1. At R0 = 45 Å, how high is the FRET efficiency between residue 23 and residue 117 if r is their beta carbon distance? Nearest 0.05 is fine.
2. Averaged over all directions, how much area does the convex hull of the C-alpha atoms of the chain cover when projected, in nm²?
3. Shape call for the stretch 62-109 from the C-alpha gyration tensor, a ≥ b ≥ c root eigenvalues: rounded (a/c under 1.5), prolate (a/b greater than b/c) or oblate?
4. Would you mind checking the tilt of helix 32-49 against the longest principal axis of the Cα atoms of the chain, expressed as 0 to 90 degrees and rounded to 10?
5. Residue-wise, which Karplus ³J(HN,Hα) couplings in Hz belong to the stretch 345-351, taking 6.51 cos²θ - 1.76 cosθ + 1.60, θ = phi - 60°, and x for glycine or proline?
6. In Å², what does the accessible area per residue of the chain work out to with a 1.4 Å probe?
7. Residue 102's amide H: which non-local residues (gap 5+, or another chain) put their own amide H closer than 5 Å, with H modeled 1.01 Å from N in plane and none for Pro or chain starts?
8. Just to be sure I follow the definition: excluding the sites themselves, where is the longest run in the chain that has none of the GluC sites (Glu not before Pro) in a DSSP loop with at most 12 other Cβ atoms within 10 Å?
Amino acid sequence: MDQMLLMLPGPTNVSNRVLQAISKNVVNHRSAIFGKILTETSQLMSKVFKTNNKSYLLTGSGTAAMEASIANILNPNDKILNVVSGKFGERLRDITNAFGGKSVELNVEWGNIVKPESIKETLENDEDIKAVTVVHNETSTGVANPIKEIGDVMKNYDALYVVDTVSSLGGDYVDVDGYGIDICFAGSQKCLAAPPGMAAITVSDDGWKVIDKVDSNTYYLNLKKYRDSSAGTPPETPYTPSVTLVYGLCEALKIIDEEGLDARIKKHKIAAKACREAVKALDLTLFPKEEVSSSTVTAINMPDGVSDSELRGTIRNEYKVELAGGQDHLKGNIFRIGHMGNITYKELAITFSALEMTLKRLNFDIDWGAGVAEVNREFI
Ligand SMILES: *Cc1c(COP(=O)(O)O)cnc(C)c1O
């Protein structure tokens, strides 16, 4: 089987170093050896989150951390302001409702960012709002919300600031302590470039004050248990973690540390710019406005006269490049190129070479090499 090039907003291509790490044998998860790996992984996570608070590892995909972020702060009927500007904002709203909370929705048209002033206005008019959830990088629309500026607003209110950085951490600027974020989380399979199956979450002192007053009705994701177990000797998780995936996440974080977080984020920004320029050079159009577009995933309008299955099917079957489609009402209307994790000019050059051949096969009159040329221009 030809190896697929994953140009998806998760899961992303995993390096050989990480693959080797996950192939090591399993150890007792309640041993000093594993305690050391757990501690190192948690410390490296906090470094990427840019927080002095502890990070906790959850065995599950990013959605496990989304659920933990809500379920632990919510008593029945508590109000949470959920910013909904795409699929993942909707998911946080649905989780709020699923755990008996009252979701106050702040809806933003898909493809746009939320304005910090709108959050301020809502908080001014409703003192009961206990927390605000924002998705940093709305993967479904390819838009990055202004989490720093929202943090400036949040500093004037008691409500907790909960930010989903699943598809941005390690690929865009996130500064948990600097932005005043109370609860922040990420998944292993996006910009961190580890296999899917692990999530990490970090909580501020204010966050813990709220959590300690909540009789949480989640059992597996009860963060108080994670806090207690991680403070033991040796440090542990409350239930058996995916030992091998922790090896993998730890190795992926070491790679980020060696590369340097800033260098890695800059690399993502170059890749995003290259992708946008290449798209335009092929006479395709971007879904969101460029000034709000994501550093980790680019959403592109589906060109007229071609279906999602023709375009993504051809590039997948003929050229072994996996692109993502649109979700919900954007299904068939957009396609998305993920440029997260281990993305260099190589992956983008192959992607645009394949996209050019795909478009040509589908009878588009494109300028041969125009997309690839833009990739070269941005990366030289
Ligand atoms: C991928 C993603 C998640 C989590 O999805 P899982 O499939 O559960 O890992 C959450 N939020 C955002 C913004 C994401 O991109």
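1. 0.35
2. Projected over every direction and averaged, the Cα hull of the chain covers 18.2 nm².
3. Here the stretch 62-109 falls in the oblate category.
4. 60 degrees
5. 4, 4, 5, 6, 5, 5, 4
6. Value returned for the chain: 41 Å² of accessible area per residue.
7. Amide H neighbours of residue 102, under 5 Å, 5+ apart: 77, 78, 79, 80.
8. Within the chain, the longest run free of exposed GluC sites (Glu not before Pro) spans 128-380.
The values are calculated or read from the model by the stated rules, or taken from the named source; none is laboratory data. Model, not experiment: these values are computed from the prediction. Here Cβ is always computed from backbone atoms with ideal geometry, including for glycine, and neighbour counts include all displayed protein chains. All accessible areas refer to the heavy atoms of the entire protein, side chains included, with ligands and DNA or RNA removed. Shrake-Rupley method; radii C 1.70, N 1.55, O 1.52, S 1.80 Å.
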